[in-house]
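J.: Pasting in a structure now, in structure tokens, and then I'll have a few things to ask.
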Amino acid sequence: LAELHRDRGSPASFLAEFASPRVGLFDRDLCVKFLEAVAGLGSAPWKKQGVPKDLQIIAEACTSAPLVVFPCGERCRCSELADPGDATLHSGRASEVLGGAAIFPPEEYRGPLVLSLMRQAGLRRFSDEAVFLQAARQAEASARPVEVCGQLLRHLGELTEDLKWPTKAYTALGKLRIFPALNASEASTLQPPTSSAGVPQGVVALDGPCTLFRHAAVAWTQMHLLDPDVFDRWPASVLRRFGALKDPPPLEMVVANLVEAASRWSTAQTSSGDGGVTVEVVACWQDVVTRHLKMLQSLFKRSRATQTMLQHRLATCAFVVLDAGRLVKPSDVFSELHSGGDSDDEAEAVEGSLEEEDIGQPHDDVEGEPFEDMQHLGGKARDKMRQAATQQGTAQRAPQGKGAGRERSSTKSVASSSKPWLLPAYLRPFRRLLLSIAGPAINTQRKVPTIHVPSAPDEDQVPKFLESALNQPALADVEFILRPYGGTEQTVYAHRLILAAACDHFRSSFTSGCAEAVGVGGRCRLEMPEWVTTMALLWMLAYFYKGFNPHKAQQTALSLEAAMLAGGSGLQTDAAAARRAACADAHTTSGSRRSRAKLRMAFAEADDDIGQELCCLLRLSEFYGIDHLKAWCESRLQGLLSPENLVALSTHAYFCNAMQLLRVCVYNMQLVYAELVGAEEWETLEPGIRELVLTDLGTLPPAGAAGGA
């Protein structure tokens, strides 16, 4: 101050004007003395209101200046460090590692006066999640992680009441390899460890295969066991915060541990000379199996697929330890399990066996009997047996009668039907579980059943069935009733679904609620006009069933008509009579009917049945609006055109609106007009057709348009 020509003022003014602006440049000793000097000012700089300016400057310097100097030269603010007030971390390996990691202030800053000031300046508590995670990461990278992490986590267990961490902090901590654990999964260990002494240790993350040490008996061959010296002191509420911790172990791990333990036991028996084991070892193995079976009692809460997988794995494993030390599979003792009764309570099983022995024996001294032979049972079981014995003694002293005799004989039969428990007593509570694992169908010598999928049916099976269903009354729901020119009534059977799919006329009829859509006895009955022949109707229906192929439909119709003729002797005679009636009507009818009769007579004289059927099929096609079949009939009739049937075909085409066939007929009549004029046929020809013959073909309606019927 003399060199600076400054008068010595108060310590607060000196610290505020001279030391505070330069404290970030001081070495460690000066920084410590500065903090001690500020601490001498008391709590005045840290008040919230009414603080002098000099004290505000000092407090700001303590808070924001990097006045903590580490031996390596690194500088930190107080708010960047943790409070080293916990005695468990002041000494030992953790203090060396964490102190060198700039987590706690150096030893020179740990005096009570300086620490109190640094806490005012923002020194963080070690229970803060950010500070602890930083310390955990440093401990994970240390040269001795087991020792350092153990001390760190012991300290965390003591801070559990002050911890208010979010879930993400526990998740982040669980992913670090800082948790001391025992590795007892070596192949030479036949029994689970009982303490951490002599067991190799390491550090693991909780998201790996690890569990608490208290589950060692069901997981020691498959999972790391957390160090009991550290985690047995932790409250259960803190352990539950680590969602990745397997507590309890998964059933898959429990089953795998039991299978591995049984394999090791079997190997140990095989490697020994006589294969025998001591009574103590057998008792230990049975205790291990008991603990596994207790865990597996929750198997029925899992999915069906998990149950099947785990049960199949256990069914092929010899894990059942008999009293002699022999290892057997559950299926090997299935008969003993099945005959052991229905109860899972060992005390009830023993009670049942004693009652079986005592039936029929008087118990006059029940009240004074000490029941020495039942002292090995629990108090509850003894009370039940005393009550049962008292009731039985009372029944024995009651008057004997027919009803009592029947009751006694019934009791004897029930008692004689039960069998004693022949397996070790530790298996009794798990009888049903073992039965579910080793059912009567379990046989390790049998191969796993396979499912064979045969070849699919022929893809044409349904179409072929539908094609062959025409005129089959079994499944038919449509009846076509034919009375050709007063002949014998005939019935042709079809199916509504196929007709509606192939023809718009039938679809509209069956879905519109008309009379055609309502049948009697489940079938629609359609009365056909007398001009419809059986062959033509079968031909049209076969056209629907055969995929709109007229040629295949013709062959099918011929076959069906032949079958109908063979089934009815009078059908052929009726068909011939129908033709003769058509020829006779040619001279007695008028108009279109007379022309059609002439057409039939013309084809009949030429002995051409196909022409007559084609004419009828043409009219059916026009009647039901089947355009393709109609055009095909016109094409076939054109090939049958001759001078003898020219006039008749033109008339038929005119009334059937077959304009393509009519144009052909008109054209041919124009060619033979000189021969045609004056003939009787010309005089009786429809006036509309004669007008067309005298008209140029270019003025005729286009093909496919409606005619003038």
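The values are calculated or read from the model by the stated rules, or taken from the named source; none is laboratory data. Owing to the predicted nature of the structure, the values given are computational and were not obtained by experimental measurement. Methodologically, a virtual Cβ is constructed for each residue, glycine included, from the backbone with ideal geometry; neighbour enumeration extends over all protein chains shown. The accessibility values were calculated without ligands, DNA or RNA, using every heavy atom of the protein model including side chains. Shrake-Rupley method; radii C 1.70, N 1.55, O 1.52, S 1.80 Å.
Results for (1) of a type outside the set (Val, Ile, Thr); (2) within 13 Å of ALA59 (Cβ to Cβ), shown as yes or no for each residue.
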| position | (1), (2) |
| --- | --- |
| GLU3 | yes, no |
| ASP7 | yes, no |
| ALA12 | yes, yes |
| ALA16 | yes, yes |
| VAL38 | no, yes |
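J.: Only one of ALA318, ALA324 is farther than 17 Å from ALA256 by Cβ, outside any helix (DSSP H, G or I), open to solvent by 30 Å² or more (accessible area, probe 1.4 Å) and among the small types (Gly, Ala, Ser). Can you tell me which?
T.: Just a single option satisfies the conditions, and that option is ALA324.
J.: If you don't mind, there's one more thing I want to ask. How many residues are more than 19 Å from LEU620 (Cβ to Cβ), open to solvent by 80 Å² or more (accessible area, probe 1.4 Å) and at pLDDT 85 or above when one looks only at region 496-529?
T.: 2
J.: Quick check: anything in region 180-191 buried (at least 18 other Cβ atoms within 10 Å of the Cβ) and over 30 Å from THR278 (Cβ atoms)?
T.: yes
J.: Do we find that GLU280 is modelled with pLDDT of 85 or more and either touching a helix residue (DSSP H, G or I) at 6+ places or on another chain (Cβ under 7 Å) or farther than 27 Å from LEU251 by Cα (or both) in this structure?
T.: In short, yes.
J.: With PRO449, PRO399, PRO454, PRO473 as the choices, which residue is more than 30 Å from CYS284 (Cβ to Cβ), assigned to a loop (DSSP other than H, G, I, E, B) and at pLDDT below 70?
T.: One residue alone meets the criteria, PRO399.
J.: Another one. Mind counting the residues in region 1-42 that are outside any helix (DSSP H, G or I) and hydroxyl-bearing (Ser, Thr, Tyr)?
T.: Within region 1-42, residues that are outside any helix (DSSP H, G or I) and hydroxyl-bearing (Ser, Thr, Tyr) number 1.
J.: Quick one: which of GLU644, GLU634 is of a type in the set (D, E, K, R), at pLDDT 55 or above and open to solvent by 30 Å² or more (accessible area, probe 1.4 Å)? Give the derivation first.
T.: Working: GLU634 fails: open to solvent by 30 Å² or more (accessible area, probe 1.4 Å).
Going through GLU644, GLU634 in turn, the sole match is GLU644.
J.: Condition check: in contact (Cβ under 8 Å) with a residue 12 or more places away in the chain and either assigned to a loop (DSSP other than H, G, I, E, B) or small (Gly, Ala, Ser) (or both). Does ALA59 satisfy that?
T.: The answer is yes for ALA59.
J.: Still on this structure, I have one more. For region 220-243: of the residues being assigned to a helix (DSSP H, G or I) and either among the aromatic types (Phe, Trp, Tyr) or at pLDDT 85 or above (or both), which is surrounded by the fewest Cβ atoms within 10 Å (Cβ to Cβ)?
T.: By that ranking, first place goes to ASP229.
J.: Here is a further query. Within region 49-64, identify whether any single residue is at pLDDT below 85 and open to solvent by 50 Å² or more (accessible area, probe 1.4 Å), and answer yes or no.
T.: For region 49-64, residues at pLDDT below 85 and open to solvent by 50 Å² or more (accessible area, probe 1.4 Å): present.
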